[in-house]
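Please read the structure below before turning to the comments.
The values are calculated or read from the model by the stated rules, or taken from the named source; none is laboratory data. Owing to the predicted nature of the structure, the values given are computational and were not obtained by experimental measurement. Cβ atoms come from the backbone with ideal geometry, glycine included; neighbour counts cover every protein chain shown. To get the accessible areas, we keep the full protein, side chains included, count just its heavy atoms, and leave off ligands, DNA and RNA. Shrake-Rupley method; radii C 1.70, N 1.55, O 1.52, S 1.80 Å.
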Amino acid sequence: MSHETNHASKTTELRDVADTVQNAGNHVLKSAGQAYEGTRNLVDASFDQAQRFAKRGLDAASDAGARAQKTLSRYADSTGEYVANQPMKSMLISAVAGAVIAALFFSARRRNGR
């Protein structure tokens, strides 16, 4: 083999190696791009699901608050109506309830030595 033939053979080998390296690099880039897209799609789907769960939770809390407000309003209306219809009885019930609360308070203070 002559010097020129040997040089041409090495040049061909180097081109083959360069082509192999370039093909491997292209494959790695393509795989990385696919992995990125897959991960991005998964993150987007997870974020969307988290938003849906959060919205459901807020809606449920809002509904529960509205129901509680309606119930409290009904009790307040009923109490107001009872007081309007039975003023003396209402005053007596309030006085007894106040006396019981005061007795419990003073009893608890005495137990604690105050």
Classified through the alpha carbon gyration tensor (a ≥ b ≥ c as square roots of its eigenvalues; rounded if a/c is under 1.5, else prolate when a/b is larger than b/c, else oblate), the chain comes out oblate
Compute the angle between helix 3-85 and the longest alpha-carbon principal axis of the chain, please, reported from 0 to 90 degrees and rounded to the nearest 10. 10 degrees
In Å², nearest 10: area of LEU58 left accessible to a 1.4 Å probe: 120 Å²
Given +1 on the Cβ of Lys and Arg, -1 on the Cβ of Asp and Glu, and no further charges, what dipole in debye does the chain carry about its Cα centre, rounded to the nearest 20? 1500 debye
With a 10 Å cut-off between alpha carbons and a GNM built on the chain, which of SER62, SER94, SER78 moves the most? SER94
Only sites in a loop by DSSP and with at most 16 other Cβ atoms within 10 Å count here; which trypsin sites (Lys or Arg not before Pro) in region 27-79 make the cut? none
With axes computed from alpha carbons, what is the tilt in degrees of helix 87-111 against the longest principal axis of the chain, rounded to the nearest 10 within 0 to 90? 70 degrees
